[in-house]
1. Can you tell me the Rg and Dmax of segment 162-277, counting just the alpha carbons, in angstroms?
2. Between ARG180 and ARG107, what FRET efficiency comes out of the Förster formula 1/(1 + (r/R0)^6) with R0 = 25 Å and r the beta carbon distance, rounded to 0.05?
3. Under unit Cβ charges (Lys, Arg +1; Asp, Glu -1), what dipole magnitude, rounded to 20 debye, does segment 13-324 have relative to its Cα centre?
4. Just flag the GluC sites (Glu not before Pro) in segment 270-326 sitting in loop per DSSP whose Cβ has no more than 13 other Cβ atoms within 10 Å.
5. How fast does segment 63-108 diffuse by Stokes-Einstein, in µm²/s, taking the Kirkwood radius from C-alpha pairs at 20 °C and 1.002 mPa s?
6. Within the accessible area of segment 65-189, what % is carbon and sulfur when the probe is 1.4 Å and the other protein chains stay in place?
7. Could you work out [θ]222 nm for the chain from helices alone, using -39500 (n - 2.57) per DSSP H run of at least four and dividing by all its residues? Round to the nearest 500 deg cm²/dmol.
8. So which of LYS63/LYS266; LYS232/LYS303; LYS21/LYS63; LYS266/LYS303; LYS38/LYS266; LYS63/LYS85 end up more than 21 Å apart, counting from Cα to Cα?
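The values are calculated or read from the model by the stated rules, or taken from the named source; none is laboratory data. Model, not experiment: these values are computed from the prediction. Cβ placement follows ideal geometry from the backbone for every residue including glycine, while neighbour counts extend to all protein chains displayed. Accessible surface areas use protein heavy atoms only, side chains included; no ligands, DNA or RNA. Shrake-Rupley method; radii C 1.70, N 1.55, O 1.52, S 1.80 Å.
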Amino acid sequence: MPLTDKFGRPITDLRISVTDKCNFRCVYCRSADPENHKADHELLSWPELDRLSRILLGLGIQKVRITGGEPLVRPGVEDFIARLKSLGVRDLSMTTNGHLLADHCDRLVAAGMDRINISLDSLDPAKFEKITRTHSFSKVMAGIDRAQASALRPVKVNAVLVRGLNDDEVEAFAEFARERDLIMRFIEFMPLDADRHWTRDLVVPAAEIQRRIEARWKLEPLPHDRSETARKFRFAGGRGQIGLIASVTQPFCGFCSRIRITADGKLRTCLFSKDDHDLRYMVRNGHTDQDIAGYIREVVNDKEEGHRINEPDFVPPSRTMVFIGG
Ligand code: SF4
């Protein structure tokens, strides 16, 4: 029987963080401290990740997204993807910051990856450097070029909008999607940043983004699966698409189908879970696959109904984005 929680939601999507290391230090995610990551022995090894993936696929997981930190900084990620594909994952994707993408793209395609999400939070090189604390703008653009020239489809570009930082670029990002015929997704800033700077005032609501784009171009809604995070639109009579991920202002938890494994082997049933469930301990202390599958079923059954960002008692989780993996 596929994984289902107590609200009857089928859990078919797994996000696997293969590392908490990253070559960027985006201001809405990581702290400025480059050493802000766990020791290697604390992270799941590839054989441990293979084993947990096999168990979760046996429990009905169909879609797998590889995340980080930055997944491409961990050697061996393409081989892991090839092993996942050979296990029959229906839909295999990755979220990357794009810095290493141009170099890895062919190997990712050869390994069987289907599609890709590339983070790009500004089209202005100077602002890009301010946000990511790197000089990687041209590398990321080369990564997007390489992905669009490859078999990966669709190619989605994600921008986290922060009021006063890059919200002035909404129209430029929309134009970028039209010019490049790609899917430009706007993500509302979530309270998962390491420096705890998040406030509601810094959130640019999806409704505002849609209004501003529709002031310039006609958008046509596209059908979307209820469990998908983005509401999708295409430009009437034009190229490119827009996606709006309104986690804060229009939560989509009611049909959430996602669970996550962190790089240090914790199962998280929600991005905003207060609790971690230690699969690494079970993998390293003689538990059978059946034990682990049984434990996962129990934990998933108790999956949170949703995040409580809009509730007066909301407290951000102790784990921040780079240690969860989006
Ligand atoms: S906040 Fe949690 S429950 Fe809501 S969509 Fe995200 S992971 Fe699912």
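1. My reading of the Cα-based Rg and Dmax gives 15.9, 48 Å.
2. Working: r = 23 Å, r/R0 = 0.92.
About 0.60, to the nearest 0.05.
3. On the way: 48 positive and 47 negative charges, 131 e Å.
So the magnitude is around 640 debye.
4. Numbers: sites: GLU298, GLU304, GLU305; in loops: GLU304, GLU305.
Those satisfying the criteria are GLU305.
5. Working: Rh = 10.9 Å.
My calculation gives 197 µm²/s for D.
6. Working: 2280 of 4340 Å².
Carbon and sulfur atoms account for 53 percent of the accessible area of segment 65-189.
7. Numbers: 9 runs with 94 residues, N = 326.
Using -39500 (n - 2.57) per qualifying helix, the result is -8500 deg cm²/dmol.
8. Values: LYS63/LYS266 19 Å; LYS232/LYS303 26 Å; LYS21/LYS63 23 Å; LYS266/LYS303 14 Å; LYS38/LYS266 13 Å; LYS63/LYS85 11 Å.
Pairs exceeding 21 Å: LYS232/LYS303; LYS21/LYS63.
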